[in-house]
Amino acid sequence: MSDTASFFTTDGALGQWPNRDGVTISAPGESREDLVAYAGGCALQTVGLTTLANGGGLLQAWGTSLAAPHVAGVVALMQEQAYNPGPFPFISLEEIRSKLRSSADQVGVAPLDSLSLNYSFDGEREGVVWAPGALE
């Protein structure tokens, strides 16, 4: 199911100031997780995102290796948009966190619970990073 937290996801509610450990925002690390039945039981199947393969072509992959670049790309665009030639040319880390969280898609809804018994929900549905909102 789309917008489901991967069973292998890093989890942890964002802490209060000054300790800001935890997850700021969710990002696509896979297309979806499917529950697949087979003779004698069922299994969780991760459906990866299509990405470029090293050396050319396309492949299906999943995980932090895909989620982190989504967020890093949005943050880079935010920094570019905020750039000014003054003494403080970029926006602060707290401003970035705040904007990512306030502009997220499906806050209070996503990420959805994984079907895996290994997934532990942290109690916060921070939403999914949404570039157009972060750049408004």
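When we screen Val75, Val47, Val71 for residues that are surrounded by 11 or more Cβ atoms within 10 Å (Cβ to Cβ), touching an Asp or Glu at 6+ places or on another chain (Cβ under 8 Å) and among the β-branched types (Val, Ile, Thr), the only hit is Val47. Contact annotation: residue pairs with Cβ atoms under 6 Å, 6 or more positions apart or on different chains, pairing a residue in the range 59-77 that is of a type outside the set (D, E, K, R) with a partner that is in a helix (DSSP H, G or I), are Val74/Ala131; Val74/Ala134; Val75/Ile96.
Checking the range 81-103 against the condition returns no match, with no residue being among the small types (Gly, Ala, Ser), within 28 Å of Gln45 (Cβ to Cβ) and more than 14 Å from the chain's Cα centre (by Cα).
Bear in mind these aren't lab numbers, they're just calculated from the coordinates by the rules spelled out. Just so we're clear, the structure is a prediction, and the values are computed from it rather than from any experiment. Cβ coordinates were reconstructed from backbone atoms using ideal geometry, including for glycine residues, and neighbour counts include every protein chain displayed.
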